[in-house]
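Here's the structure, in structure tokens; my notes come after.
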Amino acid sequence: MTPPSRTPPQERVDDNGKNQKASYWGLPKKGQLAVLCLARIADPLAITSIQSYMFYQLKFFNPLASNATISTQAGILVGTRTAAQVFTGMIWGRLADSDLGGRKVVLFIGLVSCGISYIGYGLARSFAMAIFWQVFAGLMSNNVAITRCVVAELNPEKRYRTRALLLLPLCASAAQLLGPLIGGLLSLNTRDASQSKVPYLAPNLLLALIYFLAALAVILFMEETLESLQGTQSHWLERISQRLKARFSKKSYSVQTADTSSNSNYTASETTPLVTASTPTKPKRKRKLPFRRIWTFNVVCTMVSHFIIAGHLGTFSNLWAIFLTAPTGPSNPSQRSPPFKFTGGLGMLPRDVGFALSLLGAISMILQMGLYPMLQDRFGTIKIWRTALFIFPFVYLLAPYPSLVASAPEISHKTAYIWVSMTAVLLLFTLGRTGVTPATTLLINDCTPHPSVRGTIHAAATVLGHLSRSIFPVMALAVFGQGLQIGVVGLGFWCLAVLAVASCVASAWVREGSNGDEIVLEESGDDEEEDVGEASGRNGSGRGDLRRG
């Protein structure tokens, strides 16, 4: 079979044969995108808010805990929510692809659940309760996957879809600008928070309000984009009740038919027209790609790369937050042996950490709005993505060295030099992330082999991202804590550099997909036809699909 021909991703041609580029202001359905952006911004807003005071919150839970213990607990706290999402993420994804759920219902449930969880988290007075509320939020939500899926479905044209999907990383960057400020300014800014019963309630109440507002906007204004539910006005509860009624009426009809057949004196030829007349005609429906056929080679390669990338990006953010708040190292030169043996963090308060982390978001927003769209139009998604991945090994190698500035007694105007060195690391990291994060979102969406499983693809990517952000931060923060004890603060960062190199290697097998056109299923009138099509595909006489070419 002739392989499908594909237009290069950077070439977008209008009806007159001229290159045509889409802008953010030219995107259709701006109202829908605004609702989705509000829903998308809530999760990173909450996560980055917690990062600004996490070290001091764990000290509040256990004032006697050592720095190494707090680093380990921070890794566990970060990993619990994402670990919980690993167990239920695919369930929410399949429900979002189902007529019983749909995109709108799943997103609404996730937003409301997260709002409740952050009220509980703000009231937590122990490490165990903080873990419980993070697990609850993880089990009940898969917001990132659903928003990505809906944005892609609202913009089927590639020139619009590319820009629309770029809005989501832009929202995450805006959250990284605002979230640390919320946590840093609204929490109790003191090294000893025991004077208050709930020193971290205020920022979490604000986060809960944002979640509830997003949920209200979703339920009131968001359109359902699941193909089988488009044009229907039925409510979620109505669909469930209709499904239950249909199932019970089907059972009742089967019993009545059996009783009539055993007690009736009519012949089979006489009864057949009556049964046929009373049997409802089953409407034709769109076929859905079976779960086992989703995992094409490109899907698997894209998911593996995403797993590694999400792991080191998410781990660095959390590791950096703990590094900023950890006490500075000894100023005695005899206890330091650069370039490898030195220890200590930057000793910042939550307010200063908030400003430092918001700087990361500000730089990211500027680059994503100004630089990335131009590069994407010129070079295409895959080329930018692979190039940007090579920046991260250098970032992680350099990341711990601001500690030397913070612990050096001979430097005058030390605060200014700390901020300069810290900004240099953040600028390099943000440059790499600007090229990787939006491109990864586009590659995940476009590797979808069929539109009927788009929700499942995004859910699978989110689950893998959560899994990596559950495993790697726990390991890296534990290594970072051990590094503090043995006097090598860079140990955790340098382990991340190895992971970043692995992501560069894994990216070589990824290609840009065709956004659901890889497999085209023929229409099917009922389940029996679909089963026949699948059987013929397995026997090799026909695959039940057409590959465009």
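The values are calculated or read from the model by the stated rules, or taken from the named source; none is laboratory data. As the structure is a computational prediction, the values presented were derived from the model and not from experiment. When we count neighbours, we look across all protein chains shown, and the Cβ atoms used for this are built from the backbone with ideal geometry, even at glycine. What goes into the accessible areas is simple: the full protein's heavy atoms, side chains included, and nothing from ligands, DNA or RNA. Shrake-Rupley method; radii C 1.70, N 1.55, O 1.52, S 1.80 Å.
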Considering only Cα-Cα distances, which of the following residue pairs are longer than 19 Å: Lys29/Lys383; Lys29/Lys158; Lys30/Lys288; Lys30/Lys158; Lys158/Lys383?
Lys29/Lys383; Lys30/Lys288
Distance from segment 442-515 to segment 366-391 (C-alpha centre basis), Å
19 Å
Would you rank Trp385, Trp419 by solvent-accessible area, highest first, keeping every protein chain in place and using a 1.4 Å probe?
Trp419, Trp385
When a/c reaches 1.5 or more, the comparison of a/b and b/c decides; with that in mind, is segment 329-447 rounded, prolate or oblate per its Cα gyration tensor?
prolate
Of all chymotrypsin sites (Phe, Trp or Tyr not before Pro) in segment 478-511, which ones are in loop regions per DSSP and have a Cβ with at most 14 other Cβ atoms within 10 Å?
none
Would you list Ile457, Ile41 from the most to the least accessible area, probe 1.4 Å?
Ile41, Ile457
For Arg378 and Phe355, FRET efficiency with R0 = 41 Å and r from the beta-carbon atoms, rounded to 0.05?
0.75
Stretchable slack from Phe394 to Gln485, in nm (0.36 nm times residue separation minus alpha-carbon distance)
30.3 nm
Can you give me the solvent accessible area of Asp517 with a 1.4 Å probe, rounded to the nearest 10 Å²?
60 Å²
Would you mind getting me the FRET efficiency between Gln195 and Thr423? Use the beta-carbon distance for r and R0 = 51 Å, nearest 0.05.
0.95
Pulled fully out, how much extra length does the chain show between Phe221 and Ala202, if you take 0.36 nm times their separation in residues and subtract their Cα-Cα distance?
4.0 nm
